[in-house]
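Engineer: Here's a structure for you.
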Amino acid sequence: MANVRTTSLSGPAGPRFLQLADVAEVLNTSSAQVYSLVRSGELPAIKIGGRGQWRVEASELEKYIQRMYEQTREFVTTHQFGRGLSDGPDDDEPDDEPAPDETRA
């Protein structure tokens with residue numbers, strides 16, 4: 001397995017092309033998941049050699065990561081967690097029970 005850096009993959013110190021196992025290590029996922037991303041076209045790759053080994057260009061991996069960040073930002077923006085949600089189904093209606101400082105007659 002190639003020595004994969006965790007900062008920028010497309011710099012001069014890193015390899016231009018990565019094996020699927022290397023991509024899986026960078027993304028902290030399985031090789032099978034990376035293969036699925038490649039076969040679906042989500043992650044561009046090339047097939048080389050007589051045995052058809054897949055390689056992902058480091059710059060394409062960086063672009064994929066940036067796309068995933070953008071999609072995640074969009075998702076988070078449109079699916080606000082815990083913001084603007086009501087406390088219950090009838091928040092517009094007054095409570096039937098008196099407040100703790102109110103006395104009952």
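Every number here is computed from the coordinates shown, using simple stated rules; none is lab data. On a predicted model such as this, the values are computed, not experimentally measured, just so you know. Because the Cβ atoms are built from the backbone with ideal geometry, glycine has one as well, and the counts that use them run over all protein chains shown.
Engineer: At 0.36 nm per residue, and after removing the present C-alpha to C-alpha distance, how many nm does the segment from ALA21 to GLU74 gain when stretched out fully? Don't skip to the answer; put the middle values down first.
Structural biologist: On the way: separation 53, 0.36 × 53 = 19.08 nm, distance 2.89 nm.
The span from ALA21 to GLU74 would gain 16.2 nm if fully extended.
Engineer: On to the next question. Using amide H atoms built 1.01 Å from N in the peptide plane, name the residues 5+ places from GLU57, or on other chains, whose amide H lies under 5 Å from its own.
Structural biologist: LEU18, ILE46
Engineer: Taking the Cβ of each residue in LEU61, LEU27 as the centre, tally the other Cβ atoms inside 10 Å and list the residues starting with the fewest.
Structural biologist: Details: LEU61 23, LEU27 16.
Ordered from fewest to most neighbouring Cβ atoms within 10 Å, LEU61, LEU27 come out as LEU27, LEU61.
Engineer: Order of PHE75, PHE81, PHE17 from fewest to most other C-beta atoms within 10 Å?
Structural biologist: Numbers: PHE75 9, PHE81 6, PHE17 17.
Fewest-to-most ranking of PHE75, PHE81, PHE17: PHE81, PHE75, PHE17.
Engineer: For GLN66 and TYR35, calculate 0.36 nm times their separation in residues minus their Cα-Cα distance, and state this gained length in nm to one decimal.
Structural biologist: 9.3 nm
Engineer: Could you tell me whether region 17-78 comes out rounded, prolate or oblate from its Cα gyration tensor? Rule is a ≥ b ≥ c as square roots of the eigenvalues, rounded for a/c under 1.5, then prolate if a/b exceeds b/c, otherwise oblate.
Structural biologist: On the way: a/c = 2.36, a/b = 2.19, b/c = 1.08.
Prolate.
Engineer: Also, I was wondering about something else. Counting only residues 5 or more places away or on other chains, whose amide H sits under 5 Å from the amide H of LEU43 once H atoms are built in the peptide plane?
Structural biologist: Correct list: VAL38.
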